1. Once fully extended, how much extra length lies between residue 46 and residue 5, figured as 0.36 nm per residue of separation less the alpha-carbon to alpha-carbon distance?
2. Which values of log₁₀ I(q)/I(0), to two decimal places, follow from the Debye formula for segment 3-75 at q = 0.17 Å⁻¹ with a uniform point scatterer at every Cα?
3. Relative to the present Cα-Cα distance, how much length would full extension add between residue 64 and residue 20 at 0.36 nm per residue of separation?
4. Past 18 Å, Cα to Cα, is the threshold; run 5/46; 5/48; 48/69 against it and keep the listed order.
5. Over the chain, what is the mean sequence separation of C-alpha contacts under 8 Å (at least six apart), divided by residue count, expressed as relative contact order in percent?
6. What GluC sites (Glu not before Pro) does the chain have in DSSP loop regions with at most 13 other beta carbons within 10 Å?
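Read-outs: derived from the displayed coordinates by stated rules, not from any lab. From a predicted model like this one, the values you see are computed outputs, not experimental measurements. Note that each Cβ is placed from the backbone with ideal geometry, even for glycine, and that neighbours are counted across all protein chains shown.
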Amino acid sequence: MSRLKQNQNIDSLIQGIETVIESRCSLSDKDLLILNEALNLLKNLKKKKGKTNEQILQTVVEVVVLLSKFFKDSDEMPQ
C-alpha cells in the first residue's frame with residue numbers, strides 16, 4: 001500500500017474516532033479513555049517521519065486492540 005493511501009486511511013480512522021467521541025454523549029469515562037488513547041496513537045503515527053511498515057502495522061494492531069475493547073465493553077452494557 002502506498003504511503004499516500006496509508007495516510008488517507010489513518011486520517012479516516014482519526015476522523016471516525018473523533019466523530020464517535022463528539023457525537024456520543026453517553027460514553028463512559030472508560031470508553032473515552034480507550035478512544036482517546038487510540039486517537040493519540042494514530043495522531044503520533046501521523047507525526048512520525050520515516051516510519052517503517054512494521055512500525056505502522058504495530059501501531060494499527062494496538063489501535064485495533066483498543067477499539068475491540070471499546071466495542072466489547074459497549075456490547076456488554078445493559079440496554
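1. Here the answer is 13.5 nm.
2. Evaluating at q = 0.17 Å⁻¹ gives log10 I(q)/I(0) of -0.62.
3. Values: separation 44, 0.36 × 44 = 15.84 nm, distance 1.54 nm.
Length gained, residue 64 through residue 20: 14.3 nm.
4. 48/69
5. This gives 32 percent for the chain.
6. Of the GluC sites (Glu not before Pro), the ones in loops of the chain whose Cβ has at most 13 other Cβ atoms within 10 Å are 76.
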